[in-house]
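The values are calculated or read from the model by the stated rules, or taken from the named source; none is laboratory data. Bear in mind the structure is a predicted one, so any value in this text is a computation, not a measurement. Note: ideal-geometry Cβ built from the backbone for every residue, glycine included; neighbour counts use all protein chains shown.
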Amino acid sequence: MIVVGRLPTSGMTFVVPFDGSEQSRVGILRAVELAPRSVRVVAFSVVPRKNAEWAEERGLLDGDETYSNERVVSRLQDRAHEVGDVVDFQHTTVDRYAPTGKISHEIRAFARDVDAKMVFVGSIRAGGLVSSLQSVGSSVASDDAYDVVLVRRQGSLSD
């Protein structure tokens with residue numbers, strides 16, 4: 001796994017799998033809301049190389065733009081920082097046709113590498129049971145190296 005960005009070197013870390021979607025944005029919001037100042041919040045993106053369709057589905061490219069990995073990563077980073085300026089952004093890339101299992105593997109490996117204490121998975125479809133999660137959430141949630149927070153509500157905890 002090649003991770004681009006600065007790895008946390010000490011202290012507690014919360015990781016948020018971030019694909020630019022509204023659901024993953026909500027995950028960042030909750031992680032920032034719950035993190036004490038001493039906790040690093042890292043938005044971690046797994047970007048399929050040269051996959052314009054993936055980028056367009058997430059609003060990272062307009063239909064008439066040519067795919068550029070740098071452009072997609074830059075826009076993901078901008079979105080993560082829009083949610084919270086205290087958020088660190090890191091990413092890795094995978095093959096254009098990487099299966100969901102590969103993406104969740106990269107997220108789990110990253111969370112273990114940075115010794116994450118919690119992983120925040122934003123999902124409007126997350127059910128009460130981990131096994132009912134769709135997408136990469138169920139695989140990420142199955143790792144016992146960290147606690148998992150499923151975030152369904154968009155509002156603040158104080159709302």
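The figures follow:
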{"read-out": "Test result for ASP64, assigned to a loop (DSSP other than H, G, I, E, B) and either without any contact (Cβ under 8 Å) to a residue 60 or more places away in the chain or among the basic types (Lys, Arg) (or both)", "value": "yes"}
{"read-out": "Hits in the stretch 51-73 - residues which are under 29 Å from ALA116 (Cβ atoms) and surrounded by 13 or more Cβ atoms within 10 Å (Cβ to Cβ)", "value": "ASN51, TRP54, ALA55, GLU57, ARG58, LEU60, ASN69, ARG71, VAL72, VAL73"}
{"read-out": "Test: residue in the stretch 3-15 that is at pLDDT below 90, under 17 Å from SER104 (Cβ atoms) and surrounded by 15 or more Cβ atoms within 10 Å (Cβ to Cβ)", "value": "yes"}
{"read-out": "Which numbered condition SER45 misses (of (1) outside any strand (DSSP E or B); (2) touching a Gly at 6+ places or on another chain (Cβ under 8 Å); (3) polar (S, T, N, Q))", "value": "(1)"}
{"read-out": "Number of the exception - ARG125 against (1) modelled with pLDDT of 65 or more; (2) surrounded by fewer than 19 Cβ atoms within 10 Å (Cβ to Cβ); (3) outside any helix (DSSP H, G or I)", "value": "(1)"}
{"read-out": "Close pairs from the stretch 93-118: first closer than 26 Å to ARG71 by Cβ and touching a residue at least 12 places away in the same chain (Cβ under 8 Å), partner basic (Lys, Arg) and not in a strand (DSSP E or B), Cβ under 8 Å, at least 6 apart", "value": "THR93/ARG49; VAL94/ARG49; VAL94/LYS102; ASP95/ARG49; ASP95/LYS102; ARG96/ARG49; ARG96/LYS50"}
{"read-out": "Filtered residue count, the stretch 16-49, keeping only those that are more than 21 Å from ALA109 (Cβ to Cβ) and touching a Phe, Trp or Tyr at 6+ places or on another chain (Cβ under 6 Å)", "value": "2"}
{"read-out": "Test: residue in the stretch 66-74 that is of a type in the set (Gly, Ala, Ser), modelled with pLDDT of 90 or more and under 24 Å from THR13 (Cβ atoms)", "value": "yes"}
